[in-house]
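Undergrad: Pasting a structure below so you can have a look.
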Amino acid sequence: MKVITAVERYTELKTKAQEKVNSLQDKPLVRIGTATCGLAAGALQVKETFEEEIKNKGLDVRIQEVGCMGHCYAEPLAIISKPGFPSFCYGKVDEGLAKLLVDSFLENDDPCYEYAMVALEPNDIFPTFTDFPRDAYEKKIILEHCGFIDPGDIEHYIAHEGYAALAKALEEMKPEEIISEMTASGLRGRGGAGFPVGKKWSLCKDTPDEVKYIICNADEGDPGAFMDRNVLESNPHQVIEGMLISAYTVGAEKGYIYIRNEYPLAIQRIETALEQAREIGLLGDSIFGSPFNFDLEIFEGSGAFVCGEESALVSSMEGKMGIPQARPPYMAVSGFRGRPTVLNNVKTFAYVPTIIRKGADYFKSVGTSDSSGTAVFTLVGKVANTGLVEVPMGTTLRQLIFDIGEGIPAEKEFKAVQIGGPSGGCLPETKLDIPIDFDSLAEAGAIMGSGGLVVLDEDDCMVAIARYFLEFTQQESCGKCTFCRLGTKHMLDILTRITQGKGEMADLEILQELAEDIKMGSLCNLGKTAPNPILTTLRYFRDEYEAHILEGRCPACMCKDLILYYIVPEKCSKLCNVCVGSCPVEAIYTREDGLKAIDQEKCVKCDNCLKTCPPEHDAVIKLSPPVLPED
Amino acid sequence: MTLLEGEREVILKHVKEILDDRGTSRENLIPVLQQVQDKLGYLPDLAMQKIAAGLDIPTVDVYGIATFYNQFRMNPPGDHQFKVCMGTACYMVGGNIAIESFERRLEIREGETTPDRKFSLERVACVGCCTMAPVVLVDEEVEGHVTPTRVDGILLAFETETEKEEGKNGEGIEEKEERRSDA
Ligand SMILES: Cc1cc2nc3c(=O)[nH]c(=O)nc-3n(C[C@H](O)[C@H](O)[C@H](O)COP(=O)(O)O)c2cc1C
Ligand code: FES
């Protein structure tokens, strides 16, 4: 009897999926980005408008929800494909534009070029992504299909080579070969520490035990980052496939996706993905007809930053408090329930299928020699093109911020870039030419970390941002290590005093000393890295600390205790009353001469008057130090 | 917070159902707490005591877990919940100003619920819409670019809504005005 191999089974699945996906191309198709960023910007209303208009006009058009393609600044996004035209992508779609597009493009043949952002396929009429300056720098491996395929339909993933790597691994590769491929690829963990994946898997594989576990770390605790969530929302099967390959390699039959409870949409998309994978036999017993069994479950984390740390994560899965444990033993030897456990980040798993399918050499050809592949960042803050970007390791911060992000909006000055979240640091202009890779960033005092990248401009106070991150780590410290628990508190108190103008120069020395002590005296990386935001700001922006301490001045006019709001009489128009109405505490009054003024006793510094004063007057300013000019 | 009338029975019923369904292994503690909070909106003392008894662990262990994790809340959520994003991007452009405006208007601190249980105020980490910073989730709907004026607007919308509803329930706005002038 002829044995049907895994690859043959896969080919069958793929042919079917491709037929289905191809058949979709006969008809016009509207794809709408409904990841969290899209939904927040109103994608559902836009989708409803499309549906209604299409129905009213009796058109035969399909509508499909897709994930995030990384251009979050232009959400809600819609991609319209119509036979005979290249697919066009439209940004900032509102109900009006949706109606117009149905009218002009779907019903008639006018693609409304003036509203189109980009075309997806090469053509003679309209620019494509390759014509964008950022295309020269971007290289998409794990984000390749995000935003283009339907995350709710496994066949879309399969039609794009999805699960081919699994079939190949099961049929053609021994676990040892997969490990050498992973090792050769140079893939390092993307959860922060950059531990080599091949090494971790190999350790787990070589630890004999009947029961082993695979855990995907989707805790994503950095308070300013969301790439793991977007990957899961936009292409969940990629992560599942990576976990399957890992399980086959180390000999595990059970896996968990540990995801934070605050990510309801991602959880729902994974649930759907798991169900569909089970239905066609990609999860469960004898996968692709092989002797390999594996199943996956979701574990919802309860929101504690420290639970992103692997040993704390495992404790919390066991129903205990998430408190990190000393190592060794490593997770790979004794992890969940004391069993050998492979624990990797979402993105780490997401790279695996590509590496197996295209080979280690392909992966190695991207990036630098010590950090191969790409890096995925959420680019946010004071930058024109916010969103998700994927670039080869070795790209410089300057390219990332100024070429891909297109620089700082509103003609403001760049001040710093915060990279790596609460464990990372702030780098100034002079450091923008360092390449993004694990080691160069660490050298500059920041870390690769989770991949949150926040751009700061002249209006951002470096002491305040250091304080913000420290407050976060201080609250999230699990309390096990004295230095982490009390040292961060002490540092926070000092920083708070400085932002209130009550600091002393001696404080800066104490901060430095405490920072070193906390690094030394903490067990896990939460404590070991907590001082980074302070150390880097002290190193690169010492003048701002000094301005707060010596002059009682916040150079960015951000620290509330060191500023006051003032209406410049020469600029104020007597005729307008906007500021008076905007003040929540009735602190603004009309002087006898008709000009407006602020009662400093009452003012709560809410910023409202400054925001509402019409731009042609622009009469409200902030003064630091908080001293009123003499009349 | 004191329990409302009939709340005790509701608590006991849900806790029992969830424990019966989940089983009594200690590993289930967090999922059980999550489900109870899903049902009740928060973790009343009574529920935690019953869960401890059900899983046969000391009550203090349950308190320990419930207070360790940010997800669990000890006071009831308001009918309307405001969650102010304090992620990095939002903080830098005035997330704290938004929180302060809510605190000032609602006369509660973050993490609290108004005594009439109508509104509650919380802070959350990045909700993934940094482009629209500062962001507030109003009953899970994302509101972007929230200035203090916008806070007033949001609250005003709820007030008008309540007044309309009360109007419908036979208590006209005039009547209410009258009562106010009486007071
Ligand atoms: C305080 C703290 C928080 C962490 N948070 C995360 C997280 O949110 N996601 C993550 O993947 N790794 C996080 N890590 C790193 C994990 O401990 C672990 O190194 C990682 O998940 C391993 O996966 P990788 O090798 O694929 O990077 C955190 C570590 C610490 C110390
Ligand atoms: S920081 Fe508020 S949405 Fe990201």
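Undergrad: Please report, in cubic angstrom per residue, the volume enclosed by the convex hull of the alpha-carbon atoms of chain B. Intermediate results must be reported in sequence, preceding the final value.
TA: Numbers: hull volume 27.2 nm³, N = 183.
Here the figure is 149 Å³ per residue.
Undergrad: Give the shape of the stretch B:7-68 as rounded, prolate or oblate, defined through the alpha-carbon gyration tensor: a ≥ b ≥ c are the square roots of its eigenvalues, a/c under 1.5 means rounded, and otherwise the shape is prolate if a/b is larger than b/c and oblate if not.
TA: Details: a/c = 1.45, a/b = 1.19, b/c = 1.21.
Since a/c stays below 1.5, the shape of the stretch B:7-68 is classed as rounded.
Undergrad: Give, ordered by residue number, each residue of the stretch A:557-592 whose 1.4 Å probe accessible area is reduced by a minimum of 30 Å² on adding the remaining protein chains to the chain alone.
TA: Residues passing the criterion (a loss of at least 30 Å², heavy atoms only) are A:MET558, A:LYS560, A:PRO584.
Undergrad: Moving on to the next point. Enumerate the calculated ³J(HN,Hα) couplings along the stretch A:77-92 in order (Karplus 6.51 cos²θ - 1.76 cosθ + 1.60, θ = phi - 60°), each rounded to whole Hz, writing x wherever the residue is Gly or Pro.
TA: 10, 9, 10, 10, 10, 9, x, x, 10, x, 6, 10, 10, 10, x, 6
Undergrad: Let me ask you something else. Nearest 20 debye, what's the magnitude of the dipole of chain A about its Cα centre given +1 on Lys and Arg Cβ and -1 on Asp and Glu Cβ? Don't skip to the end; give the middle numbers.
TA: Values: 63 positive and 95 negative charges, 304 e Å.
Using Cβ point charges on Lys, Arg, Asp and Glu, chain A gives about 1460 debye.
Undergrad: May I ask for the equivalent-ellipsoid semi-axes of the stretch A:170-239, computed as the square root of five times each C-alpha gyration tensor eigenvalue and listed largest first in whole Å? It would help to have the intermediate numbers written out before the result.
TA: Working: eigenvalues 130, 41, 38 Å².
For the stretch A:170-239, the ellipsoid semi-axes come out as 26, 14, 14 Å.
Undergrad: Still on this structure, please answer the following. Counting only C-alpha contacts under 8 Å and six or more residues apart, can you give the relative contact order of the stretch A:142-289 as a whole percent?
TA: On the way: 162 pairs, mean separation 45.0, N = 148.
Averaging sequence separation for qualifying contacts and normalising by length gives 30 percent for the stretch A:142-289.
Undergrad: Counting each DSSP H run of 4 or more residues in chain A as -39500 (n - 2.57), what helix-only mean residue ellipticity at 222 nm follows after dividing by all residues, to the nearest 500 deg cm²/dmol?
TA: Working: 23 runs with 223 residues, N = 631.
About -10500 deg cm²/dmol.
Undergrad: What's the percent breakdown of Cα-Cα distances in the stretch A:113-251 across 10 Å bins, shortest bin first?
TA: Taking all Cα pairs of the stretch A:113-251, the binned fractions are 10, 30, 34, 18, 7, 2, 0 percent.
Undergrad: Give the long-range amide H neighbours of B:GLY78: residues separated by 5 or more places, or on another chain, with amide H under 5 Å away, using H modelled in the peptide plane at 1.01 Å from N.
TA: When sequence neighbours closer than 5 places are left aside, the close amide H contacts are B:SER120.
Undergrad: What's the magnitude of the charge dipole for the stretch A:374-457 around its Cα centre, counting Lys and Arg as +1 and Asp and Glu as -1 at the beta-carbon? Answer in Debye, nearest 20. Could the numbers behind the result be given before it?
TA: Values: 5 positive and 11 negative charges, 43 e Å.
Here the size comes out at about 200 debye.
Undergrad: Count charges around A:ASP219 for me, please; just the other residues with Cβ under 15 Å from its Cβ, Lys/Arg as +1, Asp/Glu as -1.
TA: Working: positive: A:ARG190, A:ARG229, A:ARG260, A:LYS347; negative: A:GLU220, A:ASP222, A:ASP228, A:GLU262, A:GLU300, A:GLU309, A:GLU310, A:GLU476.
Result for the neighbourhood of A:ASP219: -4.
Undergrad: Could I ask something else about it? What value in Å³ per residue do you get for the convex hull of the alpha-carbon atoms in chain A?
TA: Numbers: hull volume 111.2 nm³, N = 631.
Taking the convex hull of the Cα positions in chain A, it is 176 Å³ per residue.
Undergrad: Below 10 angstrom from the Cβ of A:THR49, what's the summed charge of the other residues (Lys, Arg +1; Asp, Glu -1)? Intermediate values should be presented prior to the final figure.
TA: Numbers: positive: A:LYS47, A:LYS99; negative: A:GLU48, A:GLU51, A:GLU52, A:GLU53, A:ASP94, A:GLU95.
Here the count lands on -4.
Undergrad: Then there is this: Can you work out D for the stretch A:496-631 in µm² s⁻¹ from Stokes-Einstein, where Rh is the Kirkwood radius over C-alpha pairs, the temperature is 37 °C and the viscosity is 0.692 mPa s?
TA: 190
Undergrad: Right, next: What residue among B:GLY167, B:GLY23, B:GLY87 has the largest mean-square fluctuation in a Gaussian network model of chain B, using Cα springs under 10 Å?
TA: Most flexible of the set in this elastic network: B:GLY167.
Undergrad: A:TYR256's amide H: which non-local residues (gap 5+, or another chain) put their own amide H closer than 5 Å, with H modeled 1.01 Å from N in plane and none for Pro or chain starts?
TA: A:ILE214, A:ILE215, A:CYS216, A:GLU297
Undergrad: Report the per residue volume, in Å³, of the convex hull enclosing the C-alpha atoms of the stretch A:1-84.
TA: Working: hull volume 12.0 nm³, N = 84.
Given the Cα convex hull of the stretch A:1-84, per-residue volume reads 143 Å³.
Undergrad: From largest to smallest, what semi-axes in whole angstrom does the stretch A:547-627 give when each is the square root of 5 times an eigenvalue of its alpha carbon gyration tensor? Mind dumping the intermediate values first?
TA: Details: eigenvalues 107, 31, 25 Å².
In descending order, the three semi-axes are 23, 13, 11 Å.
Undergrad: Just check the stretch A:162-364 against the gyration tensor rule for me: Cα atoms, a ≥ b ≥ c as the square roots of the eigenvalues, rounded for a/c under 1.5, and otherwise prolate or oblate depending on whether a/b exceeds b/c. Intermediate values should be presented prior to the final figure.
TA: On the way: a/c = 1.39, a/b = 1.21, b/c = 1.15.
Rounded is the answer for the stretch A:162-364, as its axis ratio a/c remains below 1.5.
Undergrad: On to the next question. How much net charge surrounds A:GLU210 when only the other residues with a Cβ under 11 Å from the Cβ of A:GLU210 are counted, with Lys and Arg +1 and Asp and Glu -1? Don't skip to the end; give the middle numbers.
TA: Details: positive: A:LYS212, A:ARG339; negative: A:ASP209, A:GLU253.
Every neighbour counted, the sum reads 0.
Undergrad: Which of these, B:THR24, B:THR162, B:THR114, has the largest mean-square fluctuation under a Gaussian network model of chain B (Cα springs below 10 Å)?
TA: Highest fluctuation among the options: B:THR162.
Undergrad: Here's another thing I want to ask about it. Which percent of the accessible heavy-atom area of chain A goes to carbon and sulfur, probe 1.4 angstrom?
TA: Details: 12090 of 24420 Å².
Taking all protein chains in place, chain A shows 50 percent carbon and sulfur surface.
Undergrad: Can you give the accessible area of A:CYS572 in Å² (nearest 10), computed on protein heavy atoms with a 1.4 Å probe?
TA: 20
Undergrad: Still on this structure, please answer the following. Loop only by DSSP, 11 or fewer other Cβ within 10 Å of the Cβ. Give me the GluC sites (Glu not before Pro) in the stretch A:363-429 that pass, ordered by residue number. Present the calculation step by step, with values, prior to reporting the outcome.
TA: On the way: sites: A:GLU390, A:GLU406, A:GLU411, A:GLU413, A:GLU429; in loops: A:GLU406, A:GLU413.
For GluC sites (Glu not before Pro) across the stretch A:363-429 that sit outside H, G, I, E and B with at most 11 neighbouring Cβ atoms in 10 Å, the list reads A:GLU413.
Undergrad: Using only protein heavy atoms and a 1.4 Å probe, how much accessible area in total is buried between B and A, to the nearest 100 Å²? All intermediate terms of the calculation are to be shown ahead of the outcome.
TA: On the way: alone 11060 and 26110 Å², together 33670 Å².
Chain pair B/A: roughly 3500 Å² of buried accessible area.
Undergrad: Just the number please: accessible area per residue for the protein assembly as shown, 1.4 Å probe, all protein chains included, in Å². Mind dumping the intermediate values first?
TA: Details: 33670 Å² over 814 residues.
So the protein assembly as shown comes to 41 Å² accessible per residue, rounded to a whole number.
Undergrad: Treating the stretch A:78-185 as a set of equal point scatterers at the Cα positions, no solvent, please give the Debye-formula log₁₀ I(q)/I(0) at q = 0.10, 0.15, 0.18, 0.20 Å⁻¹.
TA: Those come out to -0.46, -0.82, -1.02, -1.14, one per q.
Undergrad: What GluC sites (Glu not before Pro) does the stretch B:3-38 have in DSSP loop regions with at most 13 other beta carbons within 10 Å?
TA: Details: sites: B:GLU5, B:GLU7, B:GLU9, B:GLU17, B:GLU27; in loops: B:GLU5.
Listed in order of number, the matching sites are B:GLU5.
Undergrad: Can you tell me the relative contact order of chain A? Whole percent, Cα pairs under 8 Å, sequence separation 6 or more. It would help to have the intermediate numbers written out before the result.
TA: Working: 1280 pairs, mean separation 70.0, N = 631.
Across chain A, relative contact order equals 11 percent.
Undergrad: Let me ask something else. Pairwise over distinct Cα atoms, reciprocal of the mean inverse distance: report the Kirkwood radius of the stretch A:20-132 in Å, one decimal place.
TA: Values: mean 1/r = 0.0716 Å⁻¹.
Answer for the stretch A:20-132: a Kirkwood hydrodynamic radius of 14.0 Å.
Undergrad: Once you average over the residues of B:119-129, how many Cβ atoms of partner chains fall within 10 Å of each Cβ? Each step should come with its number before you reach the end.
TA: Details: counts 0, 0, 0, 0, 1, 3, 12, 12, 7, 21, 11.
Taking all residues of B:119-129 together, the mean is 6.
Undergrad: Could you work out the relative contact order of chain B? I mean the mean sequence separation of Cα pairs under 8 Å and 6+ apart, divided by the number of residues, in percent.
TA: Working: 226 pairs, mean separation 29.5, N = 183.
After rounding, I find 16 percent.
Undergrad: Now a separate question. What do the square roots of 5 times the Cα gyration tensor eigenvalues come to for the stretch A:452-535, in whole Å, largest first, as semi-axes of the equivalent ellipsoid?
TA: Values: eigenvalues 85, 50, 22 Å².
In descending order, the three semi-axes are 21, 16, 11 Å.
Undergrad: Follow-up question, since we're still on this one. Along the stretch A:563-576, what does the Karplus equation 6.51 cos²θ - 1.76 cosθ + 1.60 (θ = phi - 60°) give for ³J(HN,Hα), rounded to whole Hz, x for Gly and Pro?
TA: 10, 9, 9, 9, 9, 6, x, 5, 9, 5, 8, 5, 7, 9
Undergrad: Counting other C-beta atoms within 10 Å, and keeping those with at most 15, which DSSP coil GluC sites (Glu not before Pro) do you find in the stretch A:460-559? Numbers along the way, then the final one.
TA: Numbers: sites: A:GLU471, A:GLU476, A:GLU504, A:GLU509, A:GLU513, A:GLU516, A:GLU544, A:GLU546, A:GLU551; in loops: A:GLU504.
Sites meeting the loop and neighbour criteria: A:GLU504.
The values are calculated or read from the model by the stated rules, or taken from the named source; none is laboratory data. None of the values given here were measured: they were computed from a predicted structure. Cβ sites come from the backbone with ideal geometry, for glycine too, and all protein chains shown count toward neighbours. Heavy atoms of the whole protein, side chains included, go into the accessibility calculation; ligands, DNA and RNA do not. Shrake-Rupley method; radii C 1.70, N 1.55, O 1.52, S 1.80 Å.
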